[in-house]
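Chemist: First the structure, which I've put down as structure tokens, then a few questions once you've had a look.
The values are calculated or read from the model by the stated rules, or taken from the named source; none is laboratory data. None of the values given here were measured: they were computed from a predicted structure. FYI the Cβ positions are ideal-geometry reconstructions off the backbone, even for glycines, and counts take in every protein chain you see. The accessibility values were calculated without ligands, DNA or RNA, using every heavy atom of the protein model including side chains. Shrake-Rupley method; radii C 1.70, N 1.55, O 1.52, S 1.80 Å.
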Amino acid sequence: MAGGLVALLDDVAALTKAAAASIDDIGAAAGKAGVKAAGVVVDDTAVTPRYVHGFTPDRELPIIRKIATGSIRNKLLIILPVAMLLSQFLPQALPYLLIAGGLYLCYEGAEKVYEALTGGHHDEDATAGQSGPEFEKSMVSGAIRTDLILSAEIMVISLASVEDEPFLTRLLVLVVVAILITALVYGAVALIVKMDDVGLSLARRRSSFSRRFGRGLVAAMPKVMTVLTVVGIAAMLWVGGHILLVNVGEAGFHWPADRLHDLEHWFGDLVHGGFGGVLSWTAGTVASALVGLVVGAIIVLIAHLIPKRKKRGSAH
């Protein structure tokens, strides 16, 4: 009896160790996948605050909660099943999905650069001064639609980083990535959106330090939003360009990815030690961003020329 109990305990311990190792593997894989998708996460965080611009403070957090709920539904109920089916039965399609996503990111980044240079704005910004339940519903719907595209990028990039893992591991990694990234993005968005309210609250306190800090926080938030917007645009161009270069190679045309690899090695060899790695990464990032900007600019040019041609045709 005692021997059987000891054997059972040994089996339980072995299973516990195996489960712990599996959880560690899933956690490590999820971390790796999340890092690969970081650029899209930054963009998602930068884009979302505009959807609550113009609403009263008491509606900001409920709106963010609705968008976050829609985001997790996008990831778990729409994107996850499609991604897992493709990875299981048609894995060769993943590079082409990533290329399509990279083109979209390049387009979005270049479009925002175009808007910054020309003073143009998205339609959602033009209606930001409206209010009411219907307007709130339309803004939430628009945010969830935008999130669907960005979430698809996050999930596909994450999937590509663990494509050699077993089916169950891939599934669990994507579930973990979906939950953690949604919490990270919308937690950060809520913090950013309410930061000026925190500043106003501090500015009303008796402490002179609190008042100064609160006023400084309120004054700094527009600059923080500007920096976040610039970082988001740069991240889109960098990630979009890098996705294109790498996955065009995965699809069979290796020359662009090989040239990027050569460039990174050349800069990395200029300096020995840790700084060489930083220089290599910087060179690859800048090159990817430039590729993203050029490709995105071409798509933006085409997108703006087609409506003009249609208008001219209808005028004649």
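Chemist: Taking θ as phi - 60°, what are the ³J(HN,Hα) couplings along region 176-187 by the Karplus curve (6.51, -1.76, 1.60), each to the nearest whole Hz, with x for Gly and Pro?
Modeler: Residue by residue, region 176-187 yields 4, 4, 4, 5, 5, 5, 4, 5, 5, 4, 7, x Hz.
Chemist: If you rank ASP58, ASP147 by how much accessible surface each has, with a 1.4 Å probe, what is the order from largest down?
Modeler: Descending order: ASP58, ASP147.
Chemist: Under the Kirkwood approximation applied to all pairs of distinct alpha-carbon atoms, what is the hydrodynamic radius of region 199-243 in Å?
Modeler: About 12.2 Å, per the Kirkwood formula over Cα pairs.
Chemist: Quick one: grab Rg to one decimal and Dmax as a whole number for region 91-233, Cα atoms only, in Å.
Modeler: Expressed in Å, the Cα Rg and Dmax of region 91-233 come to 19.7, 64.
Chemist: Karplus couplings for region 221-232 from phi (6.51 cos²θ - 1.76 cosθ + 1.60, θ = phi - 60°), rounded to Hz, Gly and Pro as x?
Modeler: 4, x, 5, 4, 5, 5, 4, 4, 5, 4, 4, x
Chemist: A follow-up question, please. Please sort 184-194, 233-243 by packing, taking for each peptide the average over its residues of neighbouring beta carbons within 10 angstrom, highest first.
Modeler: 233-243, 184-194
Chemist: Using a 1.4 angstrom probe on the protein heavy atoms only, line up ARG145, ARG170 by accessible area, largest first.
Modeler: I get ARG145, ARG170, largest accessible area first.
Chemist: On to the next question. Give me the dipole magnitude in Debye, nearest 20, for region 212-288 about the Cα centre, with unit charges on the beta carbon: positive for Lys and Arg, negative for Asp and Glu.
Modeler: Here the size comes out at about 720 debye.
Chemist: Hey, another quick one. Order 67-80, 256-269 from most to least packed using the mean count of other Cβ atoms within 10 Å.
Modeler: On the way: 67-80: 18.7, 256-269: 15.2.
So the order, starting with the most tightly packed, is 67-80, 256-269.
Chemist: For region 165-316, what is the charge dipole size about the Cα centre, in debye to the nearest 20, if Lys and Arg each add +1 at the Cβ and Asp and Glu each add -1 at the Cβ?
Modeler: 1380
Chemist: For region 135-174, what is the accessible area per residue in Å², given a 1.4 Å probe and the full set of protein chains?
Modeler: Per-residue value: 39 Å².
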